[in-house]
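What follows is a short report on a single structure.
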Amino acid sequence: MNENNWIEEAKEFFEQSGGKDYISGDKLSKKAQEVNKRLQETIVERLKDPDIELSLKGSKWSLQGHKKLKDYIWYRSYYKEFGQEYPVVFGIGINKTGLNFTINIYNDAINNDDISEKLGEIIEQVLLNKKLESKDRINENEKYKDYGYFKLEEFDDTKFNKVLNIYKNIVYEINQKIFDQTIEKFNSFLENPKDIPHLSFGKEGNFYTTKEAIKKKFEEFLNNPTFENLKWWDESINSANMQGNMTNLVKNIEGLTLEEVKKLKNDDELKKVKETFEKIEELVFDNDKIKTNLTYEDVEKGISEIEGMNATAKELAYYIQMENDKIPLVNGMTTDVLSHIEKVTQIFNGEELKTIQSKIKQIKKKISIPESNFEFKSYYVVDQFFNLLHKVSKKDLDTNSHKELYQYAYLFANLTGKADKKSVDKDDFIDTLKKGKNIIYYGAPGTGKTFGVKSNIEYIVEDIEKQFVMTQFHPSYTYEDFIEGVKPSGLTEGVMNFELKDGEFKLFCQKAKVDEEKFLKENDFYNAIKKYGYFFFVDEINRAELSRVFGELLYSLEYRGKSGKIKTQYSSLRDEYEYFYIPENLFFIGTMNDVDRSIDSFDLALRRRFVWLRKDCDYQVIKNNIQDENIENYVKACENLNKYIVGLDGLGEKYQIGHSYFLKIKSYIKNKITQNCMNELFDYHIEPLLVEYLRVEYDEKGIKQHLNEARKEFKLKKDNDTNS
């Protein structure tokens, strides 16, 4: 295409060809690809700003593989710091009107009309003094506006950089306004607080009163440290870390075995637990009064020197002084939320805002706590605000009570695309769905197979309750459970009645058939699966005897729709003309651990009808989810351990440790990742798994030898191997 007039040629092309059908490789599709390539080259040539990332997946000249040409090509670029799911983007497009530069909402990141509308209002407020024109989009299917909208006859660098710089200048301002709106709605909620999802303020509820009672129960235990007087622990300390429950607390601190803990009597004395609790009390109190100028950092430093409690000690230190309201509760949730706030806003700029407690105080200043008739402590209120930001998800947007609070909280929490998920690659998942409708994710335990599939489906579909069902196969799962079978239906005059009943897969197929035609008529693949796609998800699929479960369904799995119709085993009990088929809008997805001995149940006839995708340990997921100065060395230790396991005779690649196991280190971190943390992780999570792997190939002596060698591989480098 001629360098000087390619824009004019592109305009003419879209004027004449937009919306036309094409066949891959024909003249029309080649021309569209040529325009697409030329626009991409032009953008790459000029977009040199290190803060802005161009999404090369953003090209939309066709409908995701469906054969109808769009009437434009559009690329999005985004503020690199926030990630590609950031919902306010710098758009660069070309259509029959020419080139367009915009600041606009990225709808795929929002996926909710109400939230997009609120974001649009905020963008308009921010741009009010920028004197930028706001226009409706040309695409009549779009509901939202573009901002800073320029139509150009040629690529004008001055105008291009003007819009780009405005985009860069406003992103933090937009984020701040979203946060301010969240605070404003939260303050309104505090005027008449109650129990709603993620916020526990019910006067009749037991959450707050249970927390208030901890100090009294704590003191009762110190006065009489019996096993009976510690039974409040599990009800009162809500640690996500199972190592923090009462059984493990007693086991670890007292140095007992699990069987010995089970044999303890109510009046048995727990001297070491008492000593540990006294150390925590000394951190907080001085002569029964809370220490002057006590900070969370003081408490954390002291707790790091106390063995046996880890994160639960921080919660205990907070609750025994909650009535004094001097130090905040800091746990994994708190640090995650503070990290997010710091990343997307500039609230914590300033030398005086470097400690965790100073940052929490800064948030506390923004929260308006009622002056009268308010029974809740201020740091508890802040903790609940953090809890909302940490746990809010898309399903909360349908909440009728305090709807706007959830909308703004979700919008803020999802600025980096992580409100509903921690790590999901939607584009790769959609590409996989295009390859086949029967998919198996396999790999070692802990590699995120189930989490990844569920998160992707939950993110994509419009109605999760209708379009998704999950089940787990097991050795006694049968064809009758899956497709249909004769089952008891009650008694009549003492005689058992039997009835032909549909199984869960057949019932789900019938539900999917309602939307099958709509699915086939929808041109956009993403919209098709979002609105009309149905997902039947089987966890641990290989644990059942699959040939018996699937029966004659092998044919229907391969040939979808009415062309794959079959008569089932029990069809003779129904209308003779009734056939069964799997609709074309149903996706069958399974997961399996390929170390499971039952993997052999997947015979060759079944295997060839599935797309197989291996999931291995993803070390990047570990880096993305743990912020720590030793993270690189920790990941290297994880890699070394897996290399050792893979190299063992009788084991191999499928026996590697998955990243979800390595992420459990977060439960043991005090100040930073240390060898002590890693030793605990190995003892409680990795060693039991390795024993199961090794016992098939080695005797007791060999198992012990390889466990010792594995432990040596799971080490930090010496210069970082500290116990602080």
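Would you work out what percent of the accessible area of the chain, with all protein chains in place, is carbon or sulfur (probe 1.4 Å)? Intermediate results must be reported in sequence, preceding the final value.
On the way: 15150 of 34700 Å².
Here it works out to 44 percent.
Can you list the lysines whose alpha carbon is less than 19 Å from that of Lys291, not counting same-chain residues fewer than 8 positions off?
Straight-distance partners of Lys291: Lys215, Lys216, Lys279, Lys301, Lys314, Lys326, Lys361, Lys377.
Would you mind calculating the relative contact order of the range 629-713 from Cα pairs under 8 angstrom and at least 6 residues apart, reporting the percent as a whole number?
32 percent
Going through the cross-link list Lys30/Lys565; Lys272/Lys664; Lys274/Lys623; Lys359/Lys715, which pairs have a Cα-Cα distance over 28 Å in this structure? Intermediate results must be reported in sequence, preceding the final value.
Numbers: Lys30/Lys565 38 Å; Lys272/Lys664 26 Å; Lys274/Lys623 38 Å; Lys359/Lys715 34 Å.
The answer is Lys30/Lys565; Lys274/Lys623; Lys359/Lys715.
Scan the range 319-371 for trypsin sites (Lys or Arg not before Pro) in coil per DSSP, keeping those whose Cβ has at most 14 other Cβ atoms within 10 Å, and list them by number.
When the trypsin sites (Lys or Arg not before Pro) of the range 319-371 are filtered for loop state and at most 14 Cβ neighbours within 10 Å, Lys354 remain.
Please get the size of the charge dipole for the range 455-522, origin at its Cα centre, with Cβ charges of +1 on Lys and Arg and -1 on Asp and Glu, quoted in debye to the nearest 20.
It works out to roughly 100 debye.
Which of the trypsin sites (Lys or Arg not before Pro) found in the range 6-115 are loop residues per DSSP with 13 or fewer other Cβ atoms within 10 Å of their Cβ?
Values: sites: Lys11, Lys20, Lys27, Lys30, Lys31, Lys37, Arg38, Arg46, Lys48, Lys57, Lys60, Lys67, Lys68, Lys70, Arg76, Lys80, Lys96; in loops: Lys20, Lys48, Lys60, Lys70, Lys96.
Counting only loop positions with at most 13 other Cβ atoms within 10 Å, the trypsin sites (Lys or Arg not before Pro) in the range 6-115 are Lys20, Lys48.
With volume of the Cα convex hull per residue in Å³ as the read-out, I listed [x] 231; [y] 286; [z] 175; which label goes with the value calculated from this structure?
[x]
Below 8 Å between Cα atoms, with a sequence gap of 6+, how large is the relative contact order for the chain in percent?
Relative CO of the chain lands at 10 percent.
List the aspartates and glutamates whose alpha-carbon lies under 13 Å from that of Lys466, not counting same-chain residues fewer than 8 positions away?
Glu458, Asp515
Any lysines with Cα under 16 Å of the Lys262 Cα? List them, leaving off those in the same chain fewer than 8 positions away.
Lys231, Lys251
May I ask you to give the solvent-accessible area per residue for the chain, in square angstrom, as obtained with a 1.4 angstrom probe?
With all protein chains present, the chain gives 48 Å² per residue.
Report the local net charge at Thr295: Lys and Arg +1, Asp and Glu -1, summed over other residues whose C-beta lies under 15 Å from its C-beta.
It works out to a net charge of +2.
Taking square-rooted eigenvalues a ≥ b ≥ c of the alpha carbon gyration tensor, is the range 612-701 rounded, prolate or oblate, where a/c under 1.5 means rounded and, failing that, a/b exceeding b/c means prolate?
It comes out oblate by the Cα gyration axes.
Counting other Cβ atoms within 10 Å, which trypsin sites (Lys or Arg not before Pro) in the range 192-235 have at most 11 and lie in a DSSP loop?
Taking the range 192-235 and a limit of 11 other Cβ atoms within 10 Å, the loop trypsin sites (Lys or Arg not before Pro) found are Lys203.
Rounded to the nearest 500, what is the chain's calculated 222 nm mean residue ellipticity when only DSSP H runs of at least 4 contribute -39500 (n - 2.57) each, over all residues?
So the calculated ellipticity at 222 nm is -13000 deg cm²/dmol.
Quick one: net charge of Trp232's neighbours, Cβ under 13 Å, K/R +1, D/E -1? Intermediate values should be presented prior to the final figure.
Values: positive: Lys211, Lys215, Lys216, Lys217, Lys231; negative: Glu212, Glu219, Glu220, Glu228, Asp234, Glu235.
Net charge around Trp232: -1.
The values are calculated or read from the model by the stated rules, or taken from the named source; none is laboratory data. From a predicted model like this one, the values you see are computed outputs, not experimental measurements. Every residue, glycine as well, gets a Cβ built from its backbone with ideal geometry; the counts of neighbours run over all protein chains shown. Surface areas here come from the heavy atoms of the whole protein model, side chains and all, with no ligands, DNA or RNA. Shrake-Rupley method; radii C 1.70, N 1.55, O 1.52, S 1.80 Å.
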